[in-house]
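A quick write-up on the structure given underneath.
The values are calculated or read from the model by the stated rules, or taken from the named source; none is laboratory data. A quick note: this is a predicted structure, and the numbers were derived from the prediction, not measured. In this analysis, Cβ positions are derived from the backbone assuming ideal geometry, glycine residues included, and neighbour counts consider all displayed protein chains. Areas reflect the complete protein model, heavy atoms only, side chains present, ligands, DNA and RNA absent. Shrake-Rupley method; radii C 1.70, N 1.55, O 1.52, S 1.80 Å.
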Amino acid sequence: MLHTQAAYREGRSCPQQFCALHLLVQRALASRDEELHVVFVDFSRAFDAVSYAALRATLNYWSVPANLTAVIFEEFKRQTPRIRWQGSVHPTALLPTSGVLQGDTLAPFLFILVIDLLLRGLPLECGILVGDDSHVTAVSRGTRSRPCPQHMTAVTHTAYADDIALLSRTHSGAQQLLTTLESRAAAGGLKLNFAKGKTEVLILRGRNVVPVESSILNAAGEAVPRTTKYKYLGSLVGSTWREDLRHRTRLACYVAKKLANLKIKI
């Protein structure tokens, strides 16, 4: 599985993802000539929308034995939802064609396997370069104090389940990453959510970079909303560490106040 996926994996969690993203953002803000385009992706009802065809193709890709695949889909067939209307239940059961079983212990792993296969199709040439030794240091070229390109790794995204941040140095690269992901997701039954606060674009530029005002478009030809800050995995991306600390402090105070007013009956 791709090292950029941190969900449901031993020794991996949210902190690694947003710390890496914060470092990339802060470096772009402090630079003179670097540019960073981050497309935050949100799917509509992702767990319910994954098609069985995409799931079967994913299991085949990972060479899961046919008998085990059959057992998994047999469990899906045992789910027989029915429609209740005005107190009566329709006798005919529905036949689902998509969705993993939420609450099932296997469901999260099946889901991230599907997401992993989607992300493998992203073009590496559109991503950014990070150092192999730190995995978070973004560079645009080699210098005496920075790693040379031959010591770098191309990265197109960070991900925690379906919370994905696409990464590129250029507008055209970010556009290609989004177009590819949206197309591959649609083939698997997944649809991106372009509502405000969902799928959005964050652009960070160095002091000497001349801004080019051009929108990133979705498959429908609509401009993806722009933002200056985005809440990713509970952390404000695009802000300074002081702003993020204040945000977290306010949340902690709010929770502490609610707990202080909580009345428990014994």
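Taking the options LEU59, LEU55, name whichever one is at pLDDT 90 or above, aliphatic (A, V, I, L, M), touching a Gly at 6+ places or on another chain (Cβ under 9 Å) and buried (at least 16 other Cβ atoms within 10 Å of the Cβ). Only one candidate qualifies: LEU55. Considering only residues that are surrounded by 10 or more Cβ atoms within 10 Å (Cβ to Cβ) and either charged (D, E, K, R) or in a loop (DSSP other than H, G, I, E, B) (or both), which ones fall in the stretch 96-111? Those that are surrounded by 10 or more Cβ atoms within 10 Å (Cβ to Cβ) and either charged (D, E, K, R) or in a loop (DSSP other than H, G, I, E, B) (or both): PRO96, THR97, GLY99, VAL100, LEU101, GLN102, ASP104, LEU106.
Screening the candidates LEU202, LEU190, LEU236 for the property of being under 22 Å from the mean Cα position of the chain (by Cα), assigned to a strand (DSSP E or B), under 24 Å from ARG120 (Cα atoms) and modelled with pLDDT of 80 or more yields one hit, LEU202.
Conditions tested, residue by residue: (1) part of a loop (DSSP other than H, G, I, E, B); (2) open to solvent by less than 50 Å² (accessible area, probe 1.4 Å); (3) free of Cβ contacts under 8 Å to residues at least 12 places away in the same chain.
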| position | (1), (2), (3) |
| --- | --- |
| GLY173 | no, yes, no |
| THR179 | no, no, no |
| GLU182 | no, yes, no |
| LYS196 | yes, no, no |
| GLU213 | yes, no, yes |
| LEU245 | no, no, yes |
| LEU251 | no, no, yes |
| LYS257 | no, no, yes |
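Residue selection: ALA66 satisfies the criterion of being of a type outside the set (D, E, K, R) and surrounded by fewer than 16 Cβ atoms within 10 Å (Cβ to Cβ). Among the residues that make up the stretch 20-42, is at least one of them within 16 Å of the chain's Cα centre (by Cα), surrounded by fewer than 19 Cβ atoms within 10 Å (Cβ to Cβ) and over 21 Å from GLY173 (Cα atoms)? No, because not a single residue in the stretch 20-42 is within 16 Å of the chain's Cα centre (by Cα), surrounded by fewer than 19 Cβ atoms within 10 Å (Cβ to Cβ) and over 21 Å from GLY173 (Cα atoms).
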